[in-house]
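A.B. asks: If you scroll down you'll find the structure; I have some questions about it.
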Amino acid sequence: MDRQLLTASEGAVRILTLNRPERLNALSFEMMAALNLAFEEIERDDEIRAVLLSGAGRGFSAGADLAAHGSGLVDLGDMIDAYYNPLVKRMRALPKPIVCAVNGVAAGAGMNLALAADIVVAAKDASFAQAFVRIGLCPDAGGTYFLPRLAGEGRARALAMLGETITAEAAEAYGLIWKTFETDMLMTEALTIATNIAAKPAEAIAAMKEAFNASSGNTLDRQLDLERDVQRRLGRTPDFIEGVTAFQQKRPPVFGGKLR
Ligand code: T3D
């Protein structure tokens, strides 16, 4: 059987490709376990500085594999505990940036997996749907957390309750994603973004993830304190010294700092 998650590297970028194109990359247990493992490995590997996540074929992911566990015989809470929740938590906690290139339909948990990334781009002909309501479910894989924060409460509720499919351009207009690209340019553009961010100061990017993650649950006071603490730490890194020196010497900085 083909591997359900393909991994490759391009410089410091680890490329992960969901690989069940005949099922629009529906999230099987095997694929989710492979994703969890892949992110674990990425966290440990100092040479990897950014991740690019995409899907093989004409879809990004059609969400839960309804053929495998949509029968009502499975305890969905157990499944979520075992697969979705660790995966979403791992993606958000990963101290390295994740770029997600949505190459086609992203439905249900497939859409929310994309929204768990740091920078989401999409092909102009991609589409998004909180398909859960169509099968009698509520958004999971972080949907009820990400949607209101990205698109606002009104849009979040409508997207979830109506389950309508929206275009990539609408997703961009709602603030759900960063940008759309012509379909044939998506992977080139997404890899350029991932390569670009891989060359940025690693500790500063990790600190941004930490700060943004904390911001949704923090008061302004606590967030200001966190920014102070993070900046104090970053002010002692070689990348900060390199950034300031390069500015003074009127040359581009070369950031080689690693995560501590
Ligand atoms: O059960 C649990 O685990 C609970 C957790 C739920 C979390 C969720 O993600 S709930 C949401 C689950 N996803 C959906 O409800 C979407 C189901 N898929 C669709 O509605 C449509 O496939 C799409 C709108 C996404 C795309 O439509 P279209 O016409 O472009 O493609 P298609 O012909 O429907 O699909 C192509 C093939 O993929 C087809 O196989 P076939 O008939 O050619 O052999 C189809 O059955 C298969 N496929 C699509 N989605 C899934 C799937 N197979 C398994 N699971 C899927 N989710």
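The values are calculated or read from the model by the stated rules, or taken from the named source; none is laboratory data. Since this is a predicted model, take the numbers as computed values, not measurements. Heads up, the Cβs are rebuilt from the backbone with ideal geometry, glycines too, and the neighbour counts pull from every protein chain shown. Quick note on the areas: whole protein, heavy atoms, side chains included, nothing else; ligands and nucleic acids left out. Shrake-Rupley method; radii C 1.70, N 1.55, O 1.52, S 1.80 Å.
A.B. asks: Looking at region 175-187, I want the residues that are more than 23 Å from Phe146 (Cα to Cα) and assigned by TED's automatic domain parsing to the domain that holds Met111 and have a partner that is surrounded by fewer than 19 Cβ atoms within 10 Å (Cβ to Cβ) and acidic (Asp, Glu) with Cβ atoms under 7 Å, at least 6 apart or on another chain. Which pairs are those?
C.D. replies: Going by the 7 Å Cβ cut-off, the qualifying pairs are Thr183/Asp125.
A.B. asks: Still on this structure, please answer the following. Look at Leu5 and say whether it is within 16 Å of the ligand (Cβ to nearest atom) and under 21 Å from Ala123 (Cβ atoms). Spell out the reasoning first.
C.D. replies: On the way: within 16 Å of the ligand (Cβ to nearest atom): no; under 21 Å from Ala123 (Cβ atoms): yes.
Taking the combined requirement at face value, the residue does not satisfy it.
A.B. asks: Of the residues Ala101, Ala33, which single one is open to solvent by 30 Å² or more (accessible area, probe 1.4 Å), in the same structural domain as Leu176 (by TED's automatic domain parsing) and not basic (Lys, Arg)? Talk me through it step by step, then tell me what you get.
C.D. replies: On the way: Ala101 fails: open to solvent by 30 Å² or more (accessible area, probe 1.4 Å).
Just one listed residue meets the conditions, Ala33.
A.B. asks: Oh, and also: Would you confirm whether or not region 66-74 contains a residue that is assigned to a helix (DSSP H, G or I) and of a type in the set (Val, Ile, Thr)?
C.D. replies: So the first thing to find is which residues in region 66-74 are assigned to a helix (DSSP H, G or I), and the list is 66-69.
Applying the additional criterion that residues be of a type in the set (Val, Ile, Thr) yields none.
No, there is no match, as no residue in region 66-74 is assigned to a helix (DSSP H, G or I) and of a type in the set (Val, Ile, Thr).
A.B. asks: Could you tell me how many of the residues in region 105-121 are part of a loop (DSSP other than H, G, I, E, B) and near the ligand (Cβ under 8 Å from one of its atoms)?
C.D. replies: If we filter region 105-121 for residues that are part of a loop (DSSP other than H, G, I, E, B), which is where we start, we get 108, 116-118.
Within this subset, residues satisfying the condition of being near the ligand (Cβ under 8 Å from one of its atoms) are 108.
Residues flagged as part of a loop (DSSP other than H, G, I, E, B) and near the ligand (Cβ under 8 Å from one of its atoms) within region 105-121 amount to 1.
A.B. asks: Looking only at residues that are open to solvent by 10 Å² or more (accessible area, probe 1.4 Å) and either at pLDDT below 95 or in a loop (DSSP other than H, G, I, E, B) (or both) in region 53-64, which one is nearest to the ligand (Cβ to nearest atom)?
C.D. replies: Going through the qualifying residues, I end up with Ala62.
A.B. asks: If you don't mind, another one. Please work out if Met91 is in the same structural domain as Pro139 (by TED's automatic domain parsing), touching a residue at least 24 places away in the same chain (Cβ under 8 Å) and more than 23 Å from Ala204 (Cβ to Cβ).
C.D. replies: No; evaluated as a whole, the condition is false for this residue.
A.B. asks: Tell me the residue from Ala168, Ala207 that is crowded, with 18+ Cβ neighbours inside 10 Å and within 16 Å of the ligand (Cβ to nearest atom), please.
C.D. replies: Values: Ala207 fails: within 16 Å of the ligand (Cβ to nearest atom).
Result of the check over Ala168, Ala207: Ala168.
A.B. asks: Just to be sure I understand the filter: pairs with C-beta atoms under 9 Å, separated by 6 or more residues or on different chains, first member in region 6-26 and open to solvent by 40 Å² or more (accessible area, probe 1.4 Å) and among the hydroxyl-bearing types (Ser, Thr, Tyr), second member at pLDDT 95 or above and within 16 Å of the ligand (Cβ to nearest atom). Which pairs pass?
C.D. replies: none
A.B. asks: Output the residues belonging to region 234-248 that are open to solvent by 100 Å² or more (accessible area, probe 1.4 Å) and either in a helix (DSSP H, G or I) or in the same structural domain as Met91 (by TED's automatic domain parsing) (or both). Give the steps one after another, and end with the answer.
C.D. replies: Residues of region 234-248 open to solvent by 100 Å² or more (accessible area, probe 1.4 Å): 236, 240-241, 247-248.
Residues satisfying the conditions are Phe240, Ile241, Phe247, Gln248.
A.B. asks: Next up: Mind listing just one residue for me: the one in region 126-163 that is away from the ligand (no atom under 11 Å from the Cβ) and charged (D, E, K, R) and, of those, nearest to Asn213 (Cα to Cα)? Walk me through it before giving the result.
C.D. replies: Narrowing region 126-163 to residues away from the ligand (no atom under 11 Å from the Cβ): 126, 142, 144-162.
From the residues that got through so far, the ones that are charged (D, E, K, R) too are 149, 153, 155, 157.
On the way: Arg149: 11, Glu153: 18, Arg155: 21, Arg157: 22 Å.
Ranking the candidates gives Arg149 first.
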